[in-house]
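These notes concern the structure reproduced below.
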Amino acid sequence: MNILESLKMAISSILSNKMRSFLTMLGIIIGISSVITIVALGNGGKNYIGDEFAKMGSNTVTLNVDPSKVEQISDYFTLDDVKQIKNRVSTAKYISPTVSKKGTARTDTKTNTANVTGVNTDYSLISNVEIVYGRFLNEREVEEGKAVAVIDQTSAKALFGTDDAVGKSFKLGPVASSKSATVVGVSKASSMFGGSSGPRSRSGDSTPTLVTVPITFLETLFPLDFNISTLTMTSNSQANSVETGNEALKILQAKHDNKTLDLYKATNSASMLESINQVLGIFTAFLSAVAAISLLVGGIGVMNIMLVSVTERTKEIGIRKAIGATTNAILFQFLTESVILALIGGLIGMTLGIVAAKIIGSFAGITPSVSILVILETILFSSAVGIFFGIYPARKAAKLNPIDALRYE
């Protein structure tokens, strides 16, 4: 019997028992689709984070204060620290303090919760903020603590009903002591802190509103709770980002007369991205391993059904052996049927997994990624499941004695 005849007989057997064949494949379909969904979303998540870090640049360095080790207010960063680092660290290109607070953004008709972030002019260059209308904050506004703001397009539409909100004013800050601020620029929704997203506000618009203001103005909005614990900077190149961070740390430790060397930390974006990808990789692998358990169940299902099939077709096997079919031909026929069941289940599972990943990704804001390698691995793994769990039933069929098989009722 040649390969083509074995394939025809295997397909004919599967089609003659459609419901049983589908139920046999169900475990494999669920297992493969689960693994594909998790892997696609995991890869999509890695790509999303990589893109966000790419926007910041691979030469970005973040300086942080460890709050658990702060002994006095003077341990926190100051605006003078920013000037000192920029003037004394030759490899430092841009540097900005970053302080975020939660408050409200109010117009005459809308009240939204707001994430208010105080920065200086370098921030737009560090984070590649894309301005759609107006401009970013200027030096004079930061120096004088002017009541101006840059908001993203989504926030502008939520507050003012239009994304071109330049020149419009709104109340900003804590509910009890908010101040009027004027919009001087509107950024692209995804270019400033990832765009607006979150729970619904009282008015039904998405929140929080994202607002960027001069850090000196932010200090007047939250005078009782204002500490600078993060500085973001870029070096001249990725190659000297570690050196840039270390030099900045030395300046901070000397300036603050800090004896606890681990109070301040410097982290570069490349190492952060590597660490995040490692965690995502482990998490994805763990979830994939859990989902793969259903593949084991599916494989056992294939073996059980093939054993039932061997029993039901005992007489057929006897007749075929009596007219000259070899043991290898019988073995190959049943093994082919097992592999086809597993392969079809794998392909259906892969398709469903990709569709599920796209649906979930559309809600999460992630573009799932499935490589050709993953597709090939799915096909090979499905075939391997069919072979592994089909070999026992196939060998049992091949070893049947033709005389005993012909007597079987």
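The values are calculated or read from the model by the stated rules, or taken from the named source; none is laboratory data. A quick note: this is a predicted structure, and the numbers were derived from the prediction, not measured. Every residue, glycine among them, receives a Cβ derived from its backbone with ideal geometry; neighbour counts consider all protein chains shown.
Using the structure shown, decide if Thr78 is crowded, with 17+ Cβ neighbours inside 10 Å and of a type in the set (Ser, Thr, Tyr).
Details: crowded, with 17+ Cβ neighbours inside 10 Å: no; of a type in the set (Ser, Thr, Tyr): yes.
For Thr78, the condition - crowded, with 17+ Cβ neighbours inside 10 Å and of a type in the set (Ser, Thr, Tyr) - is not met.
Exactly one of these conditions fails for Ile375: (1) surrounded by fewer than 18 Cβ atoms within 10 Å (Cβ to Cβ); (2) assigned to a helix (DSSP H, G or I); (3) of a type in the set (Val, Ile, Thr); (4) touching a residue at least 40 places away in the same chain (Cβ under 8 Å). Give me its number.
(4)
Can you go through Leu287, Leu263 and tell me which one is surrounded by 16 or more Cβ atoms within 10 Å (Cβ to Cβ) and either touching a Pro at 6+ places or on another chain (Cβ under 9 Å) or modelled with pLDDT of 80 or more (or both)?
The match here is Leu263.
If you scan region 208-232, which residues turn out to be touching a helix residue (DSSP H, G or I) at 6+ places or on another chain (Cβ under 7 Å) and at pLDDT below 90?
Residue satisfying the conditions is Thr209 alone.
Any residue that is more than 30 Å from Ser371 (Cβ to Cβ), without any contact (Cβ under 8 Å) to a residue 24 or more places away in the chain and out of contact with any strand residue (DSSP E or B) (no Cβ under 7 Å at 6 or more places or on another chain) - is there at least one of those in region 47-70?
yes
Any idea which residue in region 254-300 is farthest from Thr230 (Cα to Cα), counting only those that are in a helix (DSSP H, G or I) and of a type in the set (Phe, Trp, Tyr)? Please lay out each step first, then the result.
Within region 254-300, the subset in a helix (DSSP H, G or I) is 254-255, 269-300.
Next, only the ones that are of a type in the set (Phe, Trp, Tyr) stay: 283, 286.
Working: Phe283: 28, Phe286: 33 Å.
Across region 254-300, the extreme among qualifying residues is Phe286.
Looking for something outside the structural domain of Ser21 (by TED's automatic domain parsing), out of contact with any strand residue (DSSP E or B) (no Cβ under 8 Å at 6 or more places or on another chain) and either without any contact (Cβ under 8 Å) to a residue 40 or more places away in the chain or surrounded by fewer than 16 Cβ atoms within 10 Å (Cβ to Cβ) (or both) - is there at least one such residue anywhere in region 321-329?
Scanning region 321-329, I find no residue that is outside the structural domain of Ser21 (by TED's automatic domain parsing), out of contact with any strand residue (DSSP E or B) (no Cβ under 8 Å at 6 or more places or on another chain) and either without any contact (Cβ under 8 Å) to a residue 40 or more places away in the chain or surrounded by fewer than 16 Cβ atoms within 10 Å (Cβ to Cβ) (or both), so the answer is no.
If you check Ile366, Ile391, Ile360, Ile330, which single one turns out to be within 34 Å of the chain's Cα centre (by Cα), modelled with pLDDT of 80 or more and in a helix (DSSP H, G or I)?
Details: Ile366 fails: in a helix (DSSP H, G or I); Ile391 fails: within 34 Å of the chain's Cα centre (by Cα); Ile330 fails: within 34 Å of the chain's Cα centre (by Cα).
Ile360 is the lone residue from the list that is within 34 Å of the chain's Cα centre (by Cα), modelled with pLDDT of 80 or more and in a helix (DSSP H, G or I).
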